[in-house]
1. Thr229: over 30 Å from Thr52 (Cα atoms), of a type in the set (Ser, Thr, Tyr) and in contact (Cβ under 8 Å) with a residue 12 or more places away in the chain, yes or no?
2. Hey, could you check region 173-220 for residues that are in a loop (DSSP other than H, G, I, E, B) and open to solvent by less than 40 Å² (accessible area, probe 1.4 Å) and say which is farthest from Pro155 (Cα to Cα)?
3. Quick one: is Phe48 among the hydrophobic types (A, V, I, L, M, F, W, C) and under 21 Å from Trp188 (Cα atoms)?
4. Looking at (1) at pLDDT 95 or above; (2) outside any helix (DSSP H, G or I); (3) of a type outside the set (S, T, N, Q), can you tell me which one Gly151 breaks?
5. Would you check if Gln136 is out of contact with any His (no Cβ under 9 Å at 6 or more places or on another chain) and assigned to a loop (DSSP other than H, G, I, E, B)?
6. Glu59: open to solvent by 20 Å² or more (accessible area, probe 1.4 Å), of a type in the set (D, E, K, R) and touching a Phe, Trp or Tyr at 6+ places or on another chain (Cβ under 9 Å), yes or no?
Amino acid sequence: MTQIRSLAFFICFFAWSTVMNLAFLPFLPFDRKWIVLGQRIWSGGIVFLLRTLCNLKLEIRGEEYLPKGAAIVAAKHQSAFETMIFHLITDDPAIILKKELLSIPVYGWYCRKTKMIAVDRKGHAAALKSMLSQAQQAIEDDRPIVIFPEGTRSPLDEDLPFQPGIAALYTKLQQPVTPVALNTGLFWPRKSFFCRPGVMVIEFLPPIAAGIDRKTFMKELKSRIEDKTEALVAEGREKYL
């Protein structure tokens, strides 16, 4: 039954994404707020489909730490779900993503219109400079920056090293960083078309203040994210698996 539900979800997911991509094409020449709205509706529709078809629900914890306006959000990355949900749970996010995504027809156009922060992962110093410039503009526009410090989805129960981008953002922008832990990979695994029923938890943790030294910051960020993620995964296994 879980496999059938998962198949139904992914059929509906691709159909919903196609409809939304086509529906908002006429809004591309106008104010970017319309595309931001479309991304939010799209994300909300995915949450609805997961809950209805897969009995997979979403719980947000630590909402009191959810930043408003200019800030940096550093999230664990276990599942494709994280690339979608921040459109819904943060206000007009500037999500850091790989530059190749901008080449995808329609989807890439929307990413450009909504000023996502595109990074050329092969660009080294030039790529870092470009990322910081785009991030500075997002802060000036009073938008939260969302970054996945590992740079890719991590397998469940693994903690990949954090890439230097998050440290550069923290040092350059002088903004507090809100860590985010989650257990999404337990229910929607990476590189998988299989969704288990249960409750995906995304938890915002107390922010790390601006101004501490780089090494201490990286150690503290990794500790907070990985420790809480481990606890959330253990909780999910005990309750649902």
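1. On the way: over 30 Å from Thr52 (Cα atoms): no; of a type in the set (Ser, Thr, Tyr): yes; in contact (Cβ under 8 Å) with a residue 12 or more places away in the chain: yes.
No: the conditions fail for Thr229.
2. Initial filter on region 173-220 (in a loop (DSSP other than H, G, I, E, B)): 174-176, 183, 187-197, 205-207, 209-213.
Narrowing further to those that are open to solvent by less than 40 Å² (accessible area, probe 1.4 Å): 175, 183, 187-189, 192, 195, 205.
Numbers: Gln175: 29, Asn183: 11, Phe187: 12, Trp188: 11, Pro189: 8, Ser192: 11, Cys195: 15, Leu205: 22 Å.
Out of the qualifying residues, it is Gln175.
3. yes
4. (1)
5. no
6. Working: open to solvent by 20 Å² or more (accessible area, probe 1.4 Å): yes; of a type in the set (D, E, K, R): yes; touching a Phe, Trp or Tyr at 6+ places or on another chain (Cβ under 9 Å): no.
No: the conditions fail for Glu59.
Rundown of residues vs (1) free of Cβ contacts under 8 Å to residues at least 40 places away in the same chain; (2) in contact with a Phe, Trp or Tyr (Cβ under 6 Å, 6 or more places away or on another chain), yes/no style:
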| residue | (1), (2) |
| --- | --- |
| Leu182 | no, no |
| Pro197 | no, no |
| Val201 | no, no |
| Ile208 | yes, no |
| Ile212 | yes, no |
| Phe217 | no, yes |
| Leu221 | no, no |
| Arg224 | no, no |
| Gly236 | no, no |
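This table checks each residue for (1) on the phi < 0 side of the Ramachandran plot; (2) modelled with pLDDT under 95.
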position: Ser130; (1), (2): yes, yes
position: Asp142; (1), (2): no, no
position: Pro207; (1), (2): yes, no
position: Ser223; (1), (2): yes, no
position: Thr229; (1), (2): yes, no
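The values are calculated or read from the model by the stated rules, or taken from the named source; none is laboratory data. Predicted model, so just to flag it, every value in this text is computed and none were measured. Cβ sites come from the backbone with ideal geometry, for glycine too, and all protein chains shown count toward neighbours. Note: areas computed on protein heavy atoms with side chains; ligands, DNA, RNA excluded. Shrake-Rupley method; radii C 1.70, N 1.55, O 1.52, S 1.80 Å.
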